[in-house]
Amino acid sequence: MKLSSFLRFAVLALPLVLASCGSKKKAVQPQTTNQGSIEKANFIEHVQGNAQTAKFITSKVKFSVEVGPQKLTLTGNLKMKRDDVIRLQLMAFGFVEAGRIELTKEYVLIMDRINKQYLKAPYISVDFLRNSGLNFNTLQALFWNELFRPNQVSAKSEADDKDKKDKKKKEETLPAKEDFGNYSILESGDDMIISREEGKMDYSWLASKQTALIRMANVLYKDRFNGNTQLNWDYNDFDLVGKTLFPKKHSITLTTPKKEVKLGMTLNYIGNESEWETRTEISNKYREVTVDEILRRFMAL
């Protein structure tokens, strides 16, 4: 599989984000710092301190994607296990599983349950993902509302776990702390902008100066010949999950020189369910197809 543009990466991830719907539970308001603002030198440390400590996050969701005149809306389930898998189960008519999307460290899997088709490919086979550093670790950080380092594997890798068996019980629920010392920080009104430039890529995060919660992540791919492509991921409606605030609403806009793709995600009934299989077995009744073919099927639901 060769995906020649960032748009196709977005299409590959279309069913990975879910549409916005109102939550019946009143959101917990973020707590402000005593200082009123956080010193620049320590700000990233505060942002990292807001990372989720849960090993699992599960939730009911409602998903939609809009590409030009076409719009798809489905409900579903989100299941995530830190440093292992991100899975979305998409339901048609409220009770039939129409599709499944599974992200692991090794591959991206999209399944069309109704037409018995699937797409499975390693990240290295997707040109833009390979060149820009948007691997599993990056996508996980976007879903979990955290900072990330391009072209880096998860800080808490399987090798690390093996070397730290004696500390596993103490650290297994804690996200690893990364070194972001070479990132730029700029104060902008009530927010702080954390940024990094790497080759043709610009990465930036907008975080509240008062709470150090990430409110927006932006990835810009600069192409002077074909035009720039930009992924913007906004976070809203923070609620308490365990001991940490977590965004229930995710609004994503992908802008390319030719198209704009709008996605959204709202989480409802967030929990920490852990009793579920983390890998999907593909039946030999399924046929392997391209991402474009699967997308056409989803849009026809």
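The values are calculated or read from the model by the stated rules, or taken from the named source; none is laboratory data. Please read all numbers here as calculations on a predicted model, not as lab measurements. Here the Cβ is made from the backbone with ideal geometry for all residues, glycine too, and neighbour counts use every protein chain on show. The accessibility values were calculated without ligands, DNA or RNA, using every heavy atom of the protein model including side chains. Shrake-Rupley method; radii C 1.70, N 1.55, O 1.52, S 1.80 Å.
Stretching Glu39 away from Asn232 to a fully extended chain increases their span by 66.9 nm, per 0.36 nm per residue minus the current alpha-carbon distance. In the assembled protein chains, Thr266 presents an accessible area of approximately 0 Å² (probe radius 1.4 Å). Near Leu263: Cβ cut-off under 14 Å, other residues only, Lys/Arg at +1 and Asp/Glu at -1. The net charge is +2. For the range 200-301, the set of chymotrypsin sites (Phe, Trp or Tyr not before Pro) satisfying both a DSSP loop assignment and a count of at most 15 other C-beta atoms within 10 Å is given as Phe225, Trp276, Tyr286.
Between Glu281 and Tyr269, the modelled label-to-label distance comes to 2.7 nm, taking each label 7 Å out from Cα in the direction of the beta carbon.
With each pseudo-label sitting 7 Å past Cα toward Cβ, what's the Asp190-Lys71 distance in nm, one decimal? For Asp190 paired with Lys71, the spin-label model returns 2.9 nm. Any idea how far the Cα center of the range 41-102 sits from the one of the range 191-228, in Å? Distance between centres, Cα-based: 21 Å.
Placing a label point 7 Å from the Cα of Lys200 along the Cα-to-Cβ line, the residues of the range 214-234 whose backbone N sits under 20 Å from it are 218-232.
Please report, as a whole percent, how much of the solvent-accessible surface of the range 187-301 comes from carbon and sulfur atoms (probe radius 1.4 Å). Accessible surface attributable to carbon and sulfur in the range 187-301 totals 45 percent. A 1.4 Å probe, protein heavy atoms only, puts the accessible area of Arg279 near 90 Å².
Once the Cα-Cα distance is subtracted from the 0.36 nm per residue extended length, the Ala92 to Tyr107 segment shows a gain of 2.9 nm.
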